[in-house]
Amino acid sequence: MQARSSLVNRHAVLRVAPFQGPAASQAPKPSARRLVNPTTSRSSLPARRCAEDAVVAPSEGGPSQALEPHQALDIYYLDNGLRVVFLPNPSPVDRFEAHLEVHTARNHPLPGSVDESAEEQGIAHLVEHVTFLGSKKRETLLGTGARSNAYTDFHHTVFHVHAPRVNAGTGAPMLAQVLDALAEIAFEPEFLPSRIEKERKAVTAEAQMMNTIEYRVDCQLLQYLHAENALGYRFPIGKMEQVAGWDRAAIMDFWARGYHPANATLYLVGDLEPAAARAAVRQAFDRVPAGRRSVRRDAQGVAAVELPEEAHASASATGAGTGGAATHLSLLPTSLRPPVQHAWGCGAAAPAKPPPQISVFRHRLLQLFQLSLFCKLPIQPLTTMQDLSDVRALHVVQEALQSAASAHEALVATAEGISAEEVGALARSLLSFASHFGNEAQLMEEYAADPEAWAAPGPSVATAAVACLPAFTDASGHSSGGGVPLARGASLATTQHVDPAALRATAPAAALDAALDPSAADGDADDEEPPEGAVRFRLSGEEIAAALAEAGGADVAPLPEVDVPEHLVPEDVLAALLEERRPAWVEVPGAGSARPAPHPASGVVQRRLSNGVALNYRVTPNEPRAAALRVTAAGGRARERAAVAPDGTGAVTVGVRALSESGTVGGWAREQVELFCISKLINCVLEADEEHVAMDFHLAVSGGGIAATFQLLHLFLEAPAWEGAAAERAKQMYASHARALPKSLERATADRIMTAMMGVDRQFRDPTQEEIAALSLEGMRAAVSAQLRAGNLEVCVVGDFDPAELEDAALNPAVWAEHNAVRRRHPLYPSVTLALLTEVVNSRLFTTVRDTLGLTYDVSFELAGFDRLPAGWFHVAVTSTPGKIGEAAMASLRVLRTLRTQPISGRELQRAQRTLAARHETDLKDNGYWLGLMANLQAPGVPLKTLDCLRDLRAMYDTATVDDLYDMHQKASFGSKLLPQNPHLYLMRNIPQFNFDDDAIFSCIGVSGREAGAVKDHPLLAALPAQREDGAGEAVVDVKDADAFFSAVKVFMQQMGSAGPGGPPKP
């Protein structure tokens, strides 16, 4: 579960920072776990895809013609006031989703965080936890193939379930069971004291996990963007000191005020029959009372607030209410919240305002200069054809900015009928907040001189400006801070933790509140002494504002027009190549034919070209008129030469990045290749891992997309662009990543434990600064090119395409027997049983460590294995506070050891089988999942992977037994580690069998901050050598004396005694 923020207004933003992609036009939203796109309107989608999806047939009504609603959309109200929105959707087949949203309505404040009182900050999020995890009916969904979760944002709490149409265990329809669970979660919770205490701990642990520098940056941005309302400081995670203090009565009071049907909407979408869906909704929710805010009235009654007109129509159509069609429900709100006030950056008065002061946020963990200029604009209704045209024009502006293409080129590819003049006027109005920052008087003069050249409502001005700066730099000018380069949404992936030692408060809850409070975040860096070899980075808001004003007055020449090629390989060149090489299909190994029929179980077709390239493809309607293509070259980092040399460690991974940085192929300019891909709707990603170099394409099938993709692939393989400047950029990026290693809690701990387990083998570790500096362009070219050869390539394609077109472009069983001896010889046997075992362990970890003991918010068990490399390990990630990390880690270890003392039950296995089987069936609707299934089908290095594996996967899940899991438990040759987060403990092993004995585990504790704090005195570390610090602020435990460490583990476990489930661990 997570608390997530969601803003209801649209705003423009210009972010000046490296590595910015399309998300640079979106605004930040802090949440309890991650930051997501705050604009849910279609304007956040890529321009071409949005225009294609939103096409409405021309009508005689012209621009004022109203847009027709979706014909299948069904919106109605129950007698108790619950709003229901139903949309039948046959894809994916036999699946549906139900989202119950308890929202902040116009007349009904709560339960979003923006409407919490000053003494209730975080209570909406806590109520979400208690109601969701306290539901017994929700627990019945486990093992059925359904997935459920919940989140809280500024304005809503949402409970959602994704489920199969039929229960995988009972064969009964799932809809009634899902809706019954949602009704209990929202409207019939128990609020058991034990559950409240468990979730109080979980919310605190969740706040600890999100205590990252990225979250603090986004809080800073929101603080200034929404300085005039509560969105700038009333974040969903709340205040931990308050969370610790509410009693059961206060929590139930908040729930009673906001959780009633008239303040909720049920969204139901999926492969469902409308009449049956309506009946199931009424069966589940008609029993819920309307609540104290709802009253009935007859046709002559008078009420303070009525339901919307759509509710009246719904009641008339269905005869809802005791008084027939003339009777409907009305609401009597107990309180009203005025609408959220916003200072808009447009309108008649906006240009007269002075520019906002540039607020500066400094921190030692920031690595790059980052400037954000905001212009807040109101959401415009989308009700007419003219509104749709305006949205399309906005997307053209976004596309032109993001692709570096001219507005005319983007216009042609996006929507006919919109003139370049319209797009130019819109761009001039929307972007004046950045282009004329500090020159607002000049802006007004330009507007007055030619008002027709501007789109309504005229010029825009900045409403907020925030600069996020590194606190210190080294002598070379590089930041001495940690972390990867910041980008929009960086909080989704990174785990840089704020230094608790730098916080003014000392109590754990107060420290968290201080860390998450944007008003208290500024100024920390000014009180710190620069690290050794670093200097303070000084740049004021006034200096930044002056530079912006000066730049705004300069003339900027338009970009030259770019000639977009229709073909990357001219037709005459292609004809000459075909004549010279004469490509043909050859016999597929093991198939006895050059053109074998599609595999009867999976539908996969296999081909092999005369040059050795293997092709696997499958036609599927999962994504209409679209396809996904993956090219893999065996090798990856495993084939790097282990040395500090021009072609040594890092040559493949950095070299692949250099190719990606060049962005071109053949003799074409980068801009031409980029616009070619845009015009053909092709998206491409190139990357390397331990085993492969892979190139992923997502493309539109129409308009020659398949042929265009193969042309691009042909030139990439035959004429890649190896540029010195691109290679240097790639080296700088990896060097910056290496410098940041000591500043990242998770990465520093992971690197230490990998060193302990792998020794001198560096293929699973990032290259060092020394190794990166030694790389040369020619060395990287040689290392990568050696893998990108025809006989080493496999191409997999999944999508809605014509097989004949694909093949032309490429040239340009039964369930396994129950007998154990037979089933255990199947190639899938190890992976299937290990996956089931993983699911069982994860269920035990969550139930014990998280739910019963309340020691952590997040704990998970995962297996890391490879297709080609004879290596792997298992790891358990556990996150807790410094005072509890030892208990959480040892409790996790005890759970792993219960596989010996507490046998896996048939029910546990059945739940795991249903979960994995349902996940598999759902993922089969995803093209990316099919690419993974088909990868290595024709690879000599993976001889056991055949088409029969795809056929038998579901059967192998269904026929596995508890004995199989224990058989694999004894045979497995993987290792384990507890991955870190804040703080965290690693447990690793790399010897035969799942051995959890003391002498088979590698471990490491990582704690954010300058000192290890309470962890230093923990019995687990009593016998360890003295700690050392890597860089500024990262305490790392050195695990060189394994005997001393394992002795400490034994001492600690003896002291733990029978405190945990299962009593003292067996020796």
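Details
- Counting only protein chain heavy atoms and rolling a 1.4 Å probe, the accessible areas of TRP344, TRP873 rank, largest first, as TRP344, TRP873.
- Ordering ASP696, ASP808, ASP997 by accessible surface, largest first, gives ASP808, ASP997, ASP696; the 1.4 Å probe counts only protein heavy atoms, with every chain in place.
- Backbone phi angles across segment 434-445, fed through the Karplus curve with coefficients 6.51, -1.76 and 1.60 (θ = phi - 60°), yield HN-Hα couplings of 9, 5, 10, 4, x, 10, 5, 5, 4, 4, 5, 5 Hz in residue order; Gly and Pro are listed as x.
- Taking segment 74-286 and dividing mean pair separation by its residue count, relative contact order in percent (alpha carbons under 8 Å, at least six apart): 40 percent
- Under 5 Å, built H, 5+ apart or other chain: amide partners of LEU272: ASN89
- Segment 74-286: C-alpha gyration tensor shape, a/c 1.5 cut-off, then a/b vs b/c: prolate
- Accessible surface for TYR215 stands near 10 Å², nearest 10, in the context of the full protein assembly shown (1.4 Å probe).
- Karplus-derived 3J(HN,Hα) values for segment 845-851, using 6.51 cos²θ - 1.76 cosθ + 1.60 with θ = phi - 60°, are 4, 5, 4, 8, 6, 8, 7 Hz; glycine and proline are entered as x.
- Residue ranking by accessible heavy-atom surface, 1.4 Å probe, largest first, among PHE537, PHE433 comes out as PHE537, PHE433.
- For segment 549-632, the relative contact order works out to 16 percent when only alpha carbon pairs closer than 8 Å and six or more residues apart are counted.
- Three-way shape call for segment 589-632 based on the alpha-carbon gyration tensor, with the a/c threshold at 1.5: oblate
- Shape class for segment 560-609, computed from the alpha carbon gyration tensor (a ≥ b ≥ c): oblate, with a/c not under 1.5 and a/b at or below b/c.
- Pairs of C-alpha atoms in segment 619-683 farther apart than 12 Å represent 78 percent of all such pairs.
- Dividing the mean sequence gap of close Cα pairs (under 8 Å, 6+ apart) by how many residues segment 572-800 holds gives a relative contact order of 33 percent.
The values are calculated or read from the model by the stated rules, or taken from the named source; none is laboratory data. As the structure is a prediction and not an experimental result, all values here were calculated from the model. These area figures cover heavy atoms from the full protein model, side chains too; ligands, DNA and RNA do not enter into them. Shrake-Rupley method; radii C 1.70, N 1.55, O 1.52, S 1.80 Å.
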